[in-house]
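Encoded as structure tokens, the structure appears first; notes follow it.
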Amino acid sequence: MRLEEGARRCTSREQARAYIRQADQVKRHLWGTTEGTIVSHE
């Protein structure tokens with residue numbers, strides 16, 4: 001939730017990227033990697 005609030009207040013693209021990276025790390029920590037489980041829709 002804290003990450004979402006911070007992401008809404010970003011004033012630069014670099015800030016937004018930092019929040020995205022941090023959220024990705026948290027997601028991986030909680031759920032592990034999901035590589036190979038997402039079906040490609042190409």
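The values are calculated or read from the model by the stated rules, or taken from the named source; none is laboratory data. Small disclaimer: the values here were computed from a predicted structure and weren't measured. All Cβ positions, even for glycine, are placed from backbone atoms using ideal geometry, and neighbour counts span all protein chains on display.
Things to note:
- Extreme residue, modelled with the lowest pLDDT, among residues of the stretch 26-42 that are exposed (fewer than 10 other Cβ atoms within 10 Å of the Cβ) and assigned to a helix (DSSP H, G or I): 31
- Check on residue 18, at pLDDT 85 or above, in a helix (DSSP H, G or I) and surrounded by 13 or more Cβ atoms within 10 Å (Cβ to Cβ): yes
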